[in-house]
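What follows is a short report on a single structure.
Quick note: the coordinates plus some simple rules give every number you see, no bench work behind them. Model, not experiment: these values are computed from the prediction. Here the Cβ positions follow ideal geometry from the backbone for every residue, glycine too, while neighbour counts run over all protein chains shown.
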Amino acid sequence: MVEIHLTQWPFIRFKSESYSEKAVGGFALAIAILAGSTFAGFAKSLRSSLSALSLLFVSEILTGFFVLFSFGVVPVITHIAHTPRKHLKWLGLMALCSGIGGPLCWFTGLSFTSAINAGFFARSEMIFAMIFAHTILREKITTAHFAAIASILAGIVVISLSGFTQELSFRSGDLLIIIATLFYASGNMIFRAKLHNIVEPHIALFCRSLMAISMFFLVSPFLAHPFISEIYNLPMALIPVLIGFAFVSRFLNSVSFYVAIDRLPVTTVSLVSSLDVIGSTLFAFLYLGESIEWYHFVGGGFVVLGTLLLEFLGTHPSHKHLETHLKQRLP
């Protein structure tokens, strides 16, 4: 259950008393999938009024606030202050990749592609993650890995070719989404290799927000950036969307995901959470009115198949390894 304390940090605490661990975990997993499915749709909607830099700044301000509100200012700052100095450079590099490079490319790319395509192409992060794991962490690439890569690539090609009715030609937005996944995979790999035993996930999330906010203030004096004008002219209808993007798509997704990992079998979390691409597609269809073509079903099927092969059919040597892999994944 959720306990709310208005007089002391943290204000929000998760505590299971009257419900079973599996019930709480199942509810949290469902919330994580639903929350994650809104990311591309909300971001696409906000890009109609906010530039990529403005959306990055505002969303990170709100995300950082929700982290501090839930976990407490003093505990978060204390955790960062006690982080060994030799690890701070890795924390900063991780935040640079996942908090600036990835979001900027992602938000910019959404202006030139659909939210449905972005949801599918985001799965290319798995390919980069496998390559990094093999070259940096020296993890063995198995037959299942190759099958997963081939399946995900096949799905991307089918969608890019619009079902083989067009020549192979990535739109600039599609390429930017893939570049964004490269940044995200790099940040996650830094976290896995250097920080996962040192820094809690919510601390990493806060540092990402802090890096993005700092970057905005550093570059704003040198850019003719209409941030004040964009915020002033932001339609009132998009304010709930902005809050929903920061709280639901970012913060609630990550918190619920880690609650689910602590209470459910890791294979269950791995298998079910990998299907959020379906929820993302449906949300873009229902919320944005984007059309779902037949080739999205075919290409999406290949992407989902590759995801299932990667997460479920023996790509991790043990349950412990799979659990570690999931907990090292940043939102």
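Laid out as a table, the results:
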quantity	calculated
Checking I156 against (1) in contact (Cβ under 8 Å) with a residue 24 or more places away in the chain; (2) within 26 Å of T63 (Cα to Cα), the condition it does not meet	(2)
Residue list for region 175-225, restricted to those being part of a helix (DSSP H, G or I), closer than 26 Å to F69 by Cα and of a type in the set (A, V, I, L, M)	L195, I203, A204, L205, L210, M211, A212, I213, M215, L218
Helices (runs of 4 or more DSSP H) contained entirely in region 69-161, each with at least 3 residues that are among the polar types (S, T, N, Q)	143-160
Enumeration of residues in region 228-239 that are surrounded by fewer than 10 Cβ atoms within 10 Å (Cβ to Cβ) and either without any contact (Cβ under 8 Å) to a residue 60 or more places away in the chain or among the small types (G, A, S) (or both)	I228, Y232, M236, A237
